[in-house]
Amino acid sequence: MAAPTWQPAALAVALKNLLLSGKMASNVEAPERWYLALLGFAEHFRTSSPPKIRLCVHCLQAVFQFKPPQRIEARTHLQLGSVLYHHTKNSELARSHLEKAWFISQQLPQFEDVKFEAASILSELFCQQNLVDSAKPLLRKAIQISQQTPYWHCRLLFQLAQLHTLEKDLVSACDLLGVGAEYARVVGSEYTRALFLLSKGMLLLMERKLGEVHPLLTLCGTIVENWQGNPIQKESLRVFFLVLQVTHYLDAGQVKSVKPCLKQLQQCIQTISTLQDDEILPTNPADLFHWLPKEHMCVLVYLVTVMHSMQAGYLEKAQKYTDKALMQLEKLKMLDCSPILSTFQVILLEHIIMCRLVTGHKATALQEVRCFYSCHHPCSLYLNTKAHLIQICCIWLFLVQNYDTIWPFI
């Protein structure tokens, strides 16, 4: 039977009649009863399989029919904006609700969770609409007024740094990460301080500022080893540090120095796989961050192993670990649509295709290039890699005088 298409006003009237008839529990104040009931309905519809987003939205919209107090009004605008942003294409309506949540919550004391979540999601929406110049001042204001809320202050700093990174303004991104590291030190969060510093090290590697990377990694290594906390968080910090160490050595051409780091990385992954996923909430709110899920870290370790094997000339080993990583990726992508998995896949495919060409497996390499070429992935790395691979294949085919095969790639 088709689900009823309730409208917000009709739903509100029906619920009000139910409340007045005394059919709901009487141990809760009336203003809370209607709100909790509508919220419960909305969450039920949102988490249904498949989700009933229209009904969820109707339930949340019905809250406004009761002329709720400002706190409930702001939170409901946030919930509506979040649902519309994540589950529909109605970005204008999502933006309207998020802007109202942000505006109202700024006038209310001790309402940080709604205030800063609204700012965070709204800035994401602005970026999606290519309104970066609107996202940046919003994040800056949120950062300015969040200094007494460690979790949100750190999260918003990370978010603005990421935005600058996407714009290729790595200097501004590094400055923000430096500010975050100092703030984390002041609030006593060595874990998040390490995350900020390691993220800064990653950007310095992207800029090839190798002279600045070495002292930063030395400091990070000391912090990581001395920090005592959640075992999974500690091992994830160690993986992040070692991945940067491997990348630093490879960039500097020190291929032989990589082996001890790779061995430690493999030990870290083995350790992480044996640890329980039971979430132990840190006592310091600034520590409420996770770098990567452990399944993603496993693929990343395969990836840096492939990079090292290619540079060291261990081509069979490179093929072996690429195959392992791609199999793991296929399993993960069935359950997870995280963009980083697509990034890993693009880099692995680039390496395996070059490996096939070097080892003389021309037919396999060309087949993989054609498959890669036929993909349509929005990621800029994919577009750059595609052009790079086509160029490599054309040069290689020209050198072996296989002119007929060149034409499909031109």
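The values are calculated or read from the model by the stated rules, or taken from the named source; none is laboratory data. Bear in mind the structure is a predicted one, so any value in this text is a computation, not a measurement. Heads up, the Cβs are rebuilt from the backbone with ideal geometry, glycines too, and the neighbour counts pull from every protein chain shown.
Some observations on this one:
- Restricting segment 319-368 to residues that are among the polar types (S, T, N, Q) and at pLDDT 85 or above, the residue that is nearest to the chain's Cα centre (by Cα) is GLN328.
- Just one of the listed residues (SER96, SER134, SER146) is small (Gly, Ala, Ser) and under 28 Å from GLY188 (Cβ atoms), namely SER146.
- Members of segment 82-98 that are hydroxyl-bearing (Ser, Thr, Tyr) and either part of a loop (DSSP other than H, G, I, E, B) or out of contact with any Phe, Trp or Tyr (no Cβ under 9 Å at 6 or more places or on another chain) (or both): SER82, TYR85, THR88, SER96
Okay, residues lined up against (1) more than 17 Å from the chain's Cα centre (by Cα); (2) surrounded by 16 or more Cβ atoms within 10 Å (Cβ to Cβ); (3) within 25 Å of LEU36 (Cα to Cα):
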residue: GLU73; (1), (2), (3): yes, yes, yes
residue: THR88; (1), (2), (3): yes, no, yes
residue: ILE104; (1), (2), (3): yes, yes, yes
residue: VAL114; (1), (2), (3): yes, yes, yes
residue: GLU117; (1), (2), (3): no, yes, yes
residue: VAL132; (1), (2), (3): yes, no, no
residue: GLN159; (1), (2), (3): no, yes, no
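- Meets criteria (on the phi < 0 side of the Ramachandran plot, free of Cβ contacts under 8 Å to residues at least 60 places away in the same chain and touching a Cys at 6+ places or on another chain (Cβ under 8 Å)) for SER273: yes
- Among the residues of segment 309-316, some residue qualifies, meaning at least one is surrounded by fewer than 17 Cβ atoms within 10 Å (Cβ to Cβ), of a type in the set (A, V, I, L, M) and at pLDDT 85 or above.
- Any hit, segment 169-190, residues being within 20 Å of VAL304 (Cα to Cα), more than 19 Å from the chain's Cα centre (by Cα) and of a type in the set (Asp, Glu): no
- For LYS141, the stated conditions hold: it is of a type in the set (Lys, Arg), without any contact (Cβ under 8 Å) to a residue 40 or more places away in the chain and outside any loop (DSSP other than H, G, I, E, B).
- Evaluation of VAL114 against (1) of a type in the set (A, V, I, L, M, F, W, C); (2) at pLDDT below 95; (3) within 25 Å of ALA42 (Cα to Cα) (one fails), failing number: (2)
- Test result for LYS294, surrounded by 15 or more Cβ atoms within 10 Å (Cβ to Cβ), modelled with pLDDT of 85 or more and not hydrophobic (A, V, I, L, M, F, W, C): yes
- Look at (1) within 23 Å of ILE340 (Cβ to Cβ); (2) of a type outside the set (D, E, K, R); (3) over 23 Å from the mean Cα position of the chain (by Cα) and you find that HIS296 fails only one, number (3).
- Residue match in segment 120-132 (condition: free of Cβ contacts under 8 Å to residues at least 12 places away in the same chain and either closer than 30 Å to CYS220 by Cα or assigned to a helix (DSSP H, G or I) (or both)): no
- Pick from segment 35-63, criterion among the small types (Gly, Ala, Ser) and in a helix (DSSP H, G or I), ranking: nearest to ALA74 (Cα to Cα): ALA62
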